[in-house]
Amino acid sequence: MSTHSPFDLSGKVAAVTGANTGIGQGIAVALAQAGADVALIGRSDADETAKMVDALGRRALIVRADLSTVEPVNRVVADIVSTLGGLDILVNNAGIIRRNDAVDFTEDDWDAVMDTNLKSLFFLTQAAARHMVDHGGGSVINIASMLTFQGGIRVASYTASKSGVGGLTKLMANEWAGKGINVNAIAPGYIATNNTAALQADEDRNRQIMERIPAGRWGEPSDLGGAAVFLASDAAKYVQGHILAVDGGWLAR
């Protein structure tokens, strides 16, 4: 009987976008804990995350790239493959949000969010998938949102982009499952990060959010780690096109 754990990522190379803080950092560390070497992709240096990965005995590679455009996507994949020896897991976490009433929403705020959250996500995944198809497959994990399922308010382009992420996850799974690439998504609930600091600081809004979460607390970035390891691992080989909510029960209420 094999003693190999299906959740073991030893020998795998993972890439996480937006890994300098928050959700991306939590997922990068969890993948390293499971045995993967990790490339940390983003505009900001992920020095802190790299130190955390190094402390776990795994290799960390910082890849500077501005994903507001598709220009760097092929370079990013090439840098990871040449430095770490491959690319087995891609986590598309990088994203931005702009807030305004729908009647006042600007084209600039629409384009900025859609370019980063959807367009660059697709073309980076395309570049990674081309490598994965030629090297025995891999795993893609897109970071969706509660707004993949709900409309929200004052976040028109973010809602559209995250709804698009849900659709692309299914499209990619349809096309690539037979090529050995697992494509799934994680939809975080309300997670305590820099992006949600304003909501946490708003006493009324924070109370409303807490009252809606059956778990009775905001999530932490580390709460997403287990879901990411599962979807990246052999344990999820027959999981395709799924959007896994990690939300403390938010959608169930």
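The values are calculated or read from the model by the stated rules, or taken from the named source; none is laboratory data. Everything numeric in this text was worked out from a predicted model, so none of it was measured. Positions of Cβ are backbone-derived with ideal geometry, glycine not excepted, and every protein chain shown enters the neighbour counts. Ligands, DNA and RNA are excluded from the accessible area calculation, which covers all protein heavy atoms including side chains. Shrake-Rupley method; radii C 1.70, N 1.55, O 1.52, S 1.80 Å.
Quick one: what pairs do we get from segment 119-137, first residue farther than 17 Å from L84 by Cβ and in contact (Cβ under 8 Å) with a residue 12 or more places away in the chain, second part of a helix (DSSP H, G or I) and open to solvent by less than 30 Å² (accessible area, probe 1.4 Å), C-beta under 6 Å, 6+ apart or different chains?
F123/V73
Residues in segment 227-241: is at least one at pLDDT 95 or above, crowded, with 19+ Cβ neighbours inside 10 Å and either acidic (D, E) or touching a Gly at 6+ places or on another chain (Cβ under 6 Å) (or both)?
Checking segment 227-241: not a single residue is at pLDDT 95 or above, crowded, with 19+ Cβ neighbours inside 10 Å and either acidic (D, E) or touching a Gly at 6+ places or on another chain (Cβ under 6 Å) (or both).
Can you pull out every residue in segment 24-54 that is aliphatic (A, V, I, L, M) and either at pLDDT below 95 or open to solvent by 30 Å² or more (accessible area, probe 1.4 Å) (or both)?
Across segment 24-54, the qualifying residue is only M52.
Working only within segment 74-112, note down all residues that are of a type in the set (V, I, T), within 20 Å of the chain's Cα centre (by Cα) and either within 17 Å of L9 (Cβ to Cβ) or in a helix (DSSP H, G or I) (or both).
V76, V77, I80, V81, I89, V91
Counting residues that are more than 27 Å from E107 (Cβ to Cβ) and free of Cβ contacts under 8 Å to residues at least 40 places away in the same chain, which helices (runs of 4 or more DSSP H) fully inside segment 138-253 reach at least 2?
Per the criteria, 197-201, 203-212.
Being assigned to a loop (DSSP other than H, G, I, E, B), exposed (fewer than 15 other Cβ atoms within 10 Å of the Cβ) and of a type outside the set (S, T, N, Q), is that true of even one residue in segment 7-15?
yes
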